[in-house]
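I have placed the structure first, in the form of structure tokens, so that the comments after it can refer back to it.
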Amino acid sequence: MAEPFSEVFGNADQAVVSADGKWIAASACWARHSRVAVYRAADLSLAHLLTFTEEAEPIAFHPALPLLAIGLDNGDEYFRAGGLTLLEADTGHRVDFTDPGRGIDLVRWLDPRTLELTFRAVDMHNEYVHHVCRPTVVRDDWRGLTPGALDLTALDGPLFDDVAYPDPGSARELLRSLAEQAGRPYS
């Protein structure tokens with residue numbers, strides 16, 4: 001039997017488990033290319049594999065729905081761009097939103113209605129200055145969104161000079177623990 005989580009090549013940047021414990025997601029980035037793999041927790045089988053030409057490191061499951069938020073950033077220090085991908089793990093419905101001027105460094109669900117995004121952009125007048133803001137998106141229904149449902153470029157929030165990022169913990173250790181619970185080896 002093959003080692004679980006092979007789609008992230010043993011190099012997961014982040015790993016998260018859905019609130020109901022049925023889904024596991026892991027992200028891996030290298031050279032501005034990324035994979036996000038979503039697995040069924042019951043047998044660790046692959047349910048979805050998403051590939052990106054941008055860094056897709058920040059991931060977060062909705063606190064009640066099988067909905068994964070993925071933040072995208074092109075990784076360019078001087079010309080930031082990015083986006084947000086939402087994937088419904090149970091149905092496979094995927095919707096992508098882009099922002100040609102900012103990358104997303106962090107996605108975080110504050111509650112079942114509220115998604116917080118941490119944007120990073122370069123100052124138009126000084127390429128050595130980065131602006132960081134944390135707008136929120138509030139919706140009653142996050143399922144079945146269409147590409148026009150969110151305009152990332154219209155989202156704004158207070159600017160921060162410096163922001164603290166929560167420690168996501170060790171992705172490798174979480175995946176190892178989940179594999180052990182399923183009776184599978186993972187190195």
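Does G101 satisfy being open to solvent by less than 30 Å² (accessible area, probe 1.4 Å) and out of contact with any helix residue (DSSP H, G or I) (no Cβ under 6 Å at 6 or more places or on another chain)?
No: the conditions fail for G101.
Could you list all residues from the range 33-50 that are open to solvent by 20 Å² or more (accessible area, probe 1.4 Å) and either in a loop (DSSP other than H, G, I, E, B) or of a type in the set (A, V, I, L, M) (or both)?
Once the filter is applied, which keeps residues that are open to solvent by 20 Å² or more (accessible area, probe 1.4 Å) and either in a loop (DSSP other than H, G, I, E, B) or of a type in the set (A, V, I, L, M) (or both), the range 33-50 yields A41, A42, D43, S45, L46, A47, L49.
Here are some conditions: (1) farther than 22 Å from C29 by Cα; (2) part of a loop (DSSP other than H, G, I, E, B); (3) without any contact (Cβ under 8 Å) to a residue 60 or more places away in the chain; (4) open to solvent by less than 60 Å² (accessible area, probe 1.4 Å). G183 meets all but one. Which one does it not meet?
So the condition that G183 fails would be (4).
Search the range 104-115 for residues being in contact (Cβ under 8 Å) with a residue 40 or more places away in the chain and under 15 Å from the mean Cα position of the chain (by Cα), and hand back the single one that is most open to solvent (accessible area, probe 1.4 Å).
R108
Residue by residue, here is whether (1) open to solvent by less than 50 Å² (accessible area, probe 1.4 Å); (2) closer than 22 Å to G183 by Cβ holds:
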{"site": "E3", "(1), (2)": "no, yes"}
{"site": "E7", "(1), (2)": "yes, yes"}
{"site": "W23", "(1), (2)": "yes, yes"}
{"site": "A31", "(1), (2)": "no, no"}
{"site": "F52", "(1), (2)": "yes, no"}
{"site": "L72", "(1), (2)": "yes, no"}
{"site": "D76", "(1), (2)": "yes, no"}
{"site": "D90", "(1), (2)": "no, no"}
{"site": "V95", "(1), (2)": "yes, no"}
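Have a look at E55, E7 and point out the one that is in contact with a Leu (Cβ under 6 Å, 6 or more places away or on another chain) and acidic (D, E).
E7
Restricting to the range 116-167, and then to whatever is of a type in the set (F, W, Y) and open to solvent by less than 80 Å² (accessible area, probe 1.4 Å), can you tell me which residue is nearest to D13 (Cα to Cα)?
Restricting to residues being of a type in the set (F, W, Y) and open to solvent by less than 80 Å² (accessible area, probe 1.4 Å), the top hit is F119.
Report yes if S18 is open to solvent by less than 60 Å² (accessible area, probe 1.4 Å), within 19 Å of R172 (Cα to Cα) and over 10 Å from the mean Cα position of the chain (by Cα), otherwise no.
So S18 passes the test.
Quick test of your reading of the structure: G75 fulfils all but one of (1) assigned to a strand (DSSP E or B); (2) in contact (Cβ under 8 Å) with a residue 40 or more places away in the chain; (3) closer than 27 Å to G157 by Cβ. Name the failing condition by number.
In the conditions (1) assigned to a strand (DSSP E or B); (2) in contact (Cβ under 8 Å) with a residue 40 or more places away in the chain; (3) closer than 27 Å to G157 by Cβ, G75 misses (1) alone.
The values are calculated or read from the model by the stated rules, or taken from the named source; none is laboratory data. Just so you know, these numbers come straight off a predicted model, no measurement behind them. Cβ: placed from backbone, ideal geometry, glycine included. Neighbour counts: every protein chain shown. Ligands, DNA and RNA are stripped out before the accessible areas are found, and what is left, the full protein with its side chains, is counted by its heavy atoms. Shrake-Rupley method; radii C 1.70, N 1.55, O 1.52, S 1.80 Å.
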